[in-house]
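The values are calculated or read from the model by the stated rules, or taken from the named source; none is laboratory data. Quick caveat, the model's predicted, so the values are computed rather than measured. A quick note on method: Cβ atoms are made from the backbone with ideal geometry, for glycine too, and the neighbour counts reach across all protein chains shown. Quick note on the areas: whole protein, heavy atoms, side chains included, nothing else; ligands and nucleic acids left out. Shrake-Rupley method; radii C 1.70, N 1.55, O 1.52, S 1.80 Å.
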Amino acid sequence: MNLVQALRKTYSIAQCQRIVAWVGSDPARFKTLVEVYLAGDNRLTPRAAWPLSYCVEANPHLVRTHLAVLLRHLRKPGLPDAVKRNTMRLLQFISIPRQYQGTATDLALTLFTNRQEAIAIRVFAMTVLTNLAVQNPELANEIRLLIEEEMPFGSPAFRSRGAKAIRQLRMLN
């Protein structure tokens, strides 16, 4: 498969699934997808972000060697919502190694607390923060308070995910 051509061809769930199937658990193909994602093309980067998150959901081990660069990329200003959303989405499926937890926490907090961000981005960031608190229970109370503070301003989906996160965080204390 020519990945760039496939991403240019169409933007559909069927195409996303074909790309995910093509990548499978192959680290070399996953690396190719990451390279296209990082290339910065305004059209291809968001299109590559979608299957990238599904690849990580299916095979979380694939992202290990790329995590630093993905987190660094997420710091870039002006990223499309699809890139932020799918990067946060993929982070919720992995156990973030200790050396990246500070960076991941900062990025997730920034996205979660920014009410100008799309709800999906904020919800995935909330899940990432909750997962980080499970790994670092000393963060649980602070993250729970942040979620409770944001709940009145969220959509029904946001409040639903927030309620689940709060219950999970309370069990950590």
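Annotation: per residue accessible area for the stretch 1-89 equals 50 Å², rounded to a whole number [probe 1.4 Å, protein chains only]. When a 1.4 Å probe is rolled over the protein heavy atoms, the share of accessible surface on the stretch 30-133 that falls to carbon and sulfur comes to 50 percent. Assign one of three labels to the stretch 98-173, namely rounded, prolate or oblate, based on the Cα gyration tensor with a ≥ b ≥ c the square roots of its eigenvalues; rounded applies when a/c is under 1.5, prolate when it is not and a/b is larger than b/c, and oblate otherwise. Because a/c hits 1.5 or more and a/b fails to exceed b/c, the stretch 98-173 counts as oblate. Taking the chain as the region of interest, the number of lysine pairs whose Cα atoms are within less than 24 Å, with members eight or more places apart or on different chains, is 6.
Would you mind classifying the stretch 1-71 by shape? Square roots of the alpha carbon gyration tensor eigenvalues, ordered a ≥ b ≥ c; an a/c under 1.5 is rounded, otherwise it is prolate if a/b is larger than b/c and oblate if not. Oblate, since a/c reaches 1.5 and b/c is not below a/b. Here the ratio of the Cα radius of gyration of the stretch 1-130 to 2.2 N^0.38 Å is 0.98. Taking springs between alpha-carbon atoms closer than 10 angstrom, which of 138, 117, 57 fluctuates most in the Gaussian network model of the chain? Its mean-square fluctuation being the largest, the pick is 138.
FRET efficiency for the pair residue 141 and residue 69, taken as 1/(1 + (r/R0)^6) with r the Cβ-Cβ distance and R0 = 30 Å, rounds to 0.40. Stretched out straight at 0.36 nm per residue, the stretch from residue 9 to residue 43 would grow longer than its current Cα-Cα span by 11.1 nm.
Take the chain, connect every pair of alpha-carbon atoms lying under 10 Å apart with a spring to form a Gaussian network, then pick out the residue of 140, 82, 39 with the largest mean-square fluctuation. For the chain, modelled as a Gaussian network with Cα springs under 10 Å, the answer is 39. Modelled label positions at residue 1 and residue 25, each set 7 Å beyond Cα in the direction of Cβ, lie 1.8 nm from each other.
A Gaussian network model of the chain, with springs between Cα atoms under 10 Å, assigns the largest mean-square fluctuation among 157, 48, 133 to 157. For the stretch 44-119 versus the stretch 144-172, the spacing of their alpha-carbon centroids is 20 Å.
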